[in-house]
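Have a look at the structure below before the remarks.
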Amino acid sequence: MKKQMHIHRITELLRHSREQEMTDQDKTELDNWFHQLKGARPDLENWVAEAGSEELLAEELLTRFNQKRVKKHRSKKYLYYGIAASLILIFSVGLLVNKIDFNAKLPQAAVSVKNNSVPGKNRAILTLSNGTQIDLNGQSSGFVGEQSGARIYKTADGKLSYNQNVETNEKNLVYNTLTIPRGGQYQVELPDGTKVWLNSDTRLRYPTHFIGNERKVDLIGEAYFEVAHNKKMPFKVVTMNQEVTVLGTHFNVKGYGDDNGIATTLLEGSVNVQNRVSGTARKLVPGNQSTVLKNSNAIVVENVQLEQVMAWKNGYFIFENEDIRSIMKLIGRWYDVDVDYKLDQTSRFGGTFSKSADLNDLLKSFEAISNLKFIRQGRRVTVSN
């Protein structure tokens, strides 16, 4: 019985972590619980598995425990101690870093302790067909409004949902638009049951009810779709010069205005990707990613690491030897900051980082694994060699 109570509480703490609602008390409680296990990896993995959580948590807690043991036996003057002290952020802010050279000297941090910037959270603006705008962040859960027979609700866990059970004689499509600002994310369930996760700086335009022989939505930015199956009404996502057609499947589309092209990644099922300019089309299978470049008629298809593509939805940034400008483009959107560069050479690095980390802590970790300096002044970050 005691074990069941633990599992329930651990699951609750993990949910708080995923939803970025961890309090200091939550962190301390989870930390103390693990230390009662005395760092036993098999016990830890069994507990985490029973709690229904991801394997990453086991590594996160184990790293923290080992760091505390090391610090008890090493003097502060040792370089490794300095690195371990820096990495203690792994648990306190949910920051996870890999590919660190423990033989390298830890660079001097150039990040101001002031102007801490919290990570993004659930934020969205709903624009109704008549132009009325509703700030969903300030909207309490429950009934939001009605549009052409579809009742709109904000669920208790902060998602937007459409209920199309209300009869309507509407023969024309009526559209709503969900706008996610920089530093935000949101989820919506469309009238047909399709679930959509929207990333920062993204806009989705969709009808409040689907009629005719297709279900079509317009996207600018990045979104992950779990499409409700309907053989008679294919689901289509239009992004700039690309159109994706599916019956029922899971896929991710990334097409920001400042990207070089549109990337579509298939996780489950099959999709047809078409270049709207040339008419060229390619069919994807799970694990494929297609890229439709700007000012190009071609569609390039390659296999990719799905974990990396879906990191944004699962609460992480995963970089694989990426250019600093590409990295900071994502950081800028999530933390709503602008970035300047004073670089005399290209810099690349990789690692896995939690999206729930404070920006200053994140930048310090970037410094620890690169030859770069990051200086913050308000909402502006300057990157230099």
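So what's the gap between the Cα centers of the range 307-323 and the range 332-383, to the nearest angstrom? After rounding, the separation between the Cα centres reads 15 Å. In this rough spin-label picture, where each label sits 7 Å from Cα along the Cβ direction, the Val304-Tyr175 distance is 2.6 nm.
Give me the base-10 log of I(q)/I(0) for the range 174-275 at each q in 0.21, 0.23 Å⁻¹, Debye formula, one uniform scatterer per Cα, rounded to two decimals. The calculated log intensity ratios at q = 0.21, 0.23 Å⁻¹ are -1.10, -1.33. May I ask you to derive the FRET efficiency for Asp157 and Gln345 from their Cβ-Cβ distance with R0 = 35 Å, giving the value to the nearest 0.05? Calculated transfer efficiency: 0.15. Note on the range 256-385: Rg/Rh from C-alpha atoms, Kirkwood Rh, equals 1.03. For the range 240-279, the spherically averaged projection of the C-alpha convex hull amounts to 2.9 nm². Between the beta carbons of Thr382 and Ser270, assuming R0 = 56 Å, the FRET efficiency works out to 0.80 to the nearest 0.05.
Output the pairs from Lys254/Lys342; Lys216/Lys254; Lys283/Lys313 with a Cα-Cα distance over 19 Å in this structure; if there are none, say none. Check vs 19 Å cut-off fails for Lys254/Lys342; Lys283/Lys313. Note that the range 337-382 carries a Kirkwood radius of 11.6 Å, evaluated over its alpha carbons pair by pair.
Other residues whose C-beta falls under 13 angstrom from the C-beta of His229 contribute a net charge of +1, scoring Lys and Arg +1 and Asp and Glu -1.
No value in this document is a laboratory result; all are computed from the given coordinates. For clarity, every value in this text was computed on a predicted model and none was experimentally measured. Neighbour counts run over all protein chains shown; Cβ positions are idealised from the backbone, glycine included.
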